[in-house]
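Written out below as structure tokens is the structure these notes cover.
The values are calculated or read from the model by the stated rules, or taken from the named source; none is laboratory data. As the structure is a prediction and not an experimental result, all values here were calculated from the model. Reconstructed Cβ throughout: ideal geometry from the backbone, glycine too, with neighbour counts over all protein chains shown. We work out accessible area using only protein heavy atoms, side chains counted, and drop any ligands, DNA or RNA first. Shrake-Rupley method; radii C 1.70, N 1.55, O 1.52, S 1.80 Å.
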Amino acid sequence: MRVLPVGDDALLVEVSSGEEARALHTELLRRRAEGALSVREIVPAARTVLLDGLTDPARLATELTTSEVPPAPPRARETVELPVRYDGPDLADVAAHWGVSPEEVARIHADTEFSVAFCGFAPGFGYLTGLPQRYDVPRRATPRTSVPAGAVALAGLYTGVYPRSSPGGWQLIGSTDTVLWDHTRVPAALLSPGTRVRFVPVGSP
């Protein structure tokens, strides 16, 4: 674990894996809920956790580097099901990279239970983990200038769903009509860290 100061009242904690980041995020949320930690924001990422709005960052930095973080408990949140049409323009390329048919890509993806590791890039965009290492895929060599809202995409071992139209370099394998971000909804984001996600096929690739 490495703890770096960020400005006057924030810390960036670097760990070695996504699971360690999830465990640290869970522990920090627990401490805040119990009143043992005064912090405004706790923001997880792939292998970091940002703490913003600390009253005594130096003291917490010392505590974190000398204490042991317990493993995160099993996720107990409800599963969000997203209907998806496996009709993306990069489906055939992903199938070739995996050495399977497009139909098999859809089956493998839909049979996987995902969880939101962290959020970022755009409001409502969750980085979903769950695919085994052998299904790692590279980003596109040339990013698209516009990816439609609802596009289901792969990059590395992550799956993501674009909440709105934006540029992007992920491999597009499908699409969903589900609204990922709605500012009139509480909470606005359908997906948040820890949410379990299943993709339910509709139609055919």
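How many nm is it between the label spots at Arg134 and Arg164, if each spot is 7 Å from the Cα in line with the beta carbon?
Inter-label distance under the simple model: 4.0 nm.
Leaving out ligands, DNA and RNA, and with a 1.4 Å probe, what % of the accessible surface on the chain is carbon or sulfur?
Looking at the chain in its full context, I get 53 percent from C and S.
At 7 Å along the Cα-to-beta-carbon direction for both Leu4 and Val186, put a label point, then send me their distance in nm to one decimal.
Placing both labels 7 Å beyond Cα along the Cβ direction yields 3.7 nm.
Any idea of the accessible area per residue across the stretch 147-196, 1.4 Å probe, to the nearest Å²? Spell out each step's value before the answer.
Details: 1940 Å² over 50 residues.
Using a 1.4 Å probe on heavy atoms only, each residue of the stretch 147-196 averages 39 Å².
Using just the helices of the chain, give the 222 nm mean residue ellipticity in deg cm²/dmol: DSSP H runs with n ≥ 4 each add -39,500 (n - 2.57), and the total is spread over all residues, rounded to 500. Kindly include the intermediate steps, with their values, before the conclusion.
Numbers: 4 runs with 43 residues, N = 205.
For the chain, the value works out to -6500 deg cm²/dmol.
Given all pairs of different Cα atoms, what value in angstroms does the Kirkwood hydrodynamic radius of the stretch 4-69 take? Don't skip to the end; give the middle numbers.
Numbers: mean 1/r = 0.0855 Å⁻¹.
Roughly 11.7 Å, rounded to one decimal.
Per-residue HN-Hα couplings for the stretch 121-128, Karplus 6.51 cos²θ - 1.76 cosθ + 1.60 at θ = phi - 60°, whole Hz, x for Gly and Pro?
6, 8, x, x, 8, x, 8, 9
Can you compute the FRET efficiency between Arg30 and Glu81 using 1/(1 + (r/R0)^6), with r the Cβ-Cβ distance and R0 = 45 Å? Round to the nearest 0.05. Could you put the intermediate results ahead of the total?
Values: r = 28 Å, r/R0 = 0.63.
Working from the Cβ atoms, E equals 0.95.
Counting each pair of different Cα atoms once, what's the Kirkwood radius of the chain in Å, rounded to one decimal?
Details: mean 1/r = 0.0549 Å⁻¹.
For the chain, inverting the mean 1/r across all distinct Cα pairs yields 18.2 Å.
With a 1.4 Å probe and all protein chains left in place, how much accessible area per residue does the stretch 1-134 have, in Å²?
Working: 7170 Å² over 134 residues.
Roughly 54 Å² per residue, with all protein chains present.
Springs between alpha-carbon pairs under 10 angstrom, Gaussian network model over the chain: which of Val186, Val43, Val105 fluctuates most?
For the chain, modelled as a Gaussian network with Cα springs under 10 Å, the answer is Val186.
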